[in-house]
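Accompanying notes for the structure given below.
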Amino acid sequence: MREKISLTISDMSSFAKALRREAEAGGEAGHQAWMNRIARAAGYRNFQHLSAMRKGAEPVPDEKTVTRALRYFDGAGVMTSWPAKTSVQHLCLWAIWAGLPPGDELNEREVSARIDELSSFGDAAIIRRTMAELGLVTRSRDGRIYKRVERKPGPDARALIAATRGGDSPA
């Protein structure tokens, strides 16, 4: 009996576009070729990678996504500009999150100073607000106290954090 492998697609539009590109690339049209195309459209290297992930292997970061986010950082790991694309903004914020002290409560001035050390484009407010919206930090009701929320970054975020911290693992 064949093992059933479920596939959850978080963004149907992106999946459909990727699958169309795979189909337009041509090549083999056999069963295994289509399984590989579907797996690649879902963000895996091939069907074997999808199958391994199902069995509990550590998720692999998407190098293209991480490289895209790294364009917004200089060689010292300082964020130099605010990305236009929301998904890239969210990924970049993980590198800022990793630079905040875990467990410490910071007032607005202190968190802004730390963000200014980690970014050079001079808009700590947008970073603070977006991090709060994403749940990367908590903010008191009056907006005076911030605290980093301890969460496990995903594979793309871990890779970005490591790259911006010179290879260190995330905090």
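The values are calculated or read from the model by the stated rules, or taken from the named source; none is laboratory data. Keep in mind that this is a model prediction, so the values were computed, not measured. For neighbour counting, all protein chains shown are included, and Cβ atoms are generated from backbone atoms with ideal geometry for every residue, glycine included. With ligands, DNA and RNA removed, areas are computed over all heavy atoms of the protein, side chains included. Shrake-Rupley method; radii C 1.70, N 1.55, O 1.52, S 1.80 Å.
Details
- Cα centre as origin, Lys/Arg/Asp/Glu Cβ charges: segment 73-160 dipole, Debye: 300 debye
- In the chain, the DSSP-assigned H stretches of four residues or longer account for a calculated mean residue ellipticity at 222 nm of -15000 deg cm²/dmol, using -39500 (n - 2.57) per stretch and the full residue count as denominator.
- Among Ala84, Ala95, Ala157: highest mean-square fluctuation, GNM of the chain, C-alpha pairs under 10 Å: Ala84
- Carbon + sulfur, % of accessible area of the chain - ligands and nucleic acids excluded, 1.4 Å: 49 percent
- Here the Karplus relation 6.51 cos²θ - 1.76 cosθ + 1.60, evaluated at θ = phi - 60°, turns the backbone of segment 63-75 into coupling constants of 4, 5, 5, 5, 4, 4, 5, 5, 5, 8, 10, 8, x Hz, with x for every Gly and Pro.
- Sorted peptide list for 102-115, 132-145, criterion being average Cβ within 10 angstrom, highest first: 102-115, 132-145
- Proportion of all alpha-carbon pairs of segment 5-57 beyond 18 Å (%): 28 percent
- Reduced Cα scattering model of segment 68-116, Debye log10 I(q)/I(0), q = 0.15, 0.25, 0.31 Å⁻¹: -0.43, -0.98, -1.19
- Table column - 3J(HN,Hα) (Hz), segment 34-39, Karplus curve with 6.51, -1.76, 1.60, x for Gly and Pro: 5, 4, 5, 4, 4, 4
- Residue ranking by accessible heavy-atom surface, 1.4 Å probe, largest first, among Met53, Met79 comes out as Met53, Met79.
- Convex hull volume of the chain per residue (C-alpha atoms, cubic angstrom): 144 Å³
- Using the Stokes-Einstein relation with a Kirkwood hydrodynamic radius computed over Cα pairs, the translational diffusion coefficient of segment 91-132 at 4 °C and a viscosity of 1.567 mPa s comes to 125 µm²/s.
- Of all beta bridges that DSSP places with both ends in the chain, some 90 percent have antiparallel geometry.
- If you model segment 16-94 as an ellipsoid using its alpha carbon gyration tensor, with each semi-axis the square root of five times an eigenvalue, the axes come out at 31, 16, 9 Å, biggest first.
- Accessible area (Å², 1.4 Å probe, nearest 10) - His49: 20 Å²
- Accessible solvent surface per residue of the chain, calculated while the other protein chains remain in place, 1.4 angstrom probe, Å²: 61 Å²
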